[in-house]
Amino acid sequence: MKNIFGIVVLVLFCVTNAGAEEIKYGYNHRGEYVPISVGGEKIKYEYNHRGEYVPVSVGEEKIKYEYNHRGNYVPVSVGDKKIKYEYNHRGNYAPASVGNKKLKYEYNHKGQYVPTEVENN
């Protein structure tokens, strides 16, 4: 579940001009700390066919999911913006771009490889 939320937060930055919009967090009905809106647009959650509670839209932009080649359930587009995945330098399969916006990753203070920039923002 955390992987889906991480990818969705990354997608939200891409959809809303790379962080120019504020992402607000709150608790869902399961007590999980999740993004609830971005730039004033509400994030809608539903249960998928696997019983996972996942974001399905940002405002009017629908999030589409599919299984990747590893069998993971991942978002593949937000509205008309396709998410492209590639292997990073650690061999992890991670989003490389959303639409025409490329993503940059770095290590955080916990040693986790996380997205830090979208198109130099």
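Applying the condition of being of a type in the set (A, V, I, L, M, F, W, C) and touching a helix residue (DSSP H, G or I) at 6+ places or on another chain (Cβ under 7 Å) to the range 69-89 and asking which residue is surrounded by the fewest Cβ atoms within 10 Å (Cβ to Cβ) yields Val74. Filtering the range 67-89 to residues that are in a loop (DSSP other than H, G, I, E, B) and of a type in the set (S, T, N, Q) leaves Asn68, Asn72, Asn88. Among the criteria (1) among the small types (Gly, Ala, Ser); (2) at pLDDT 80 or above; (3) closer than 18 Å to Ile23 by Cβ, the one Ala96 does not fulfil is (3).
The residue that is modelled with the highest pLDDT, counting only those in the range 15-66 that are touching an Asp or Glu at 6+ places or on another chain (Cβ under 7 Å) and assigned to a loop (DSSP other than H, G, I, E, B), is Gly59.
The values are calculated or read from the model by the stated rules, or taken from the named source; none is laboratory data. Note that the structure is predicted; figures quoted are calculated from it, not measured. Here the Cβ is made from the backbone with ideal geometry for all residues, glycine too, and neighbour counts use every protein chain on show.
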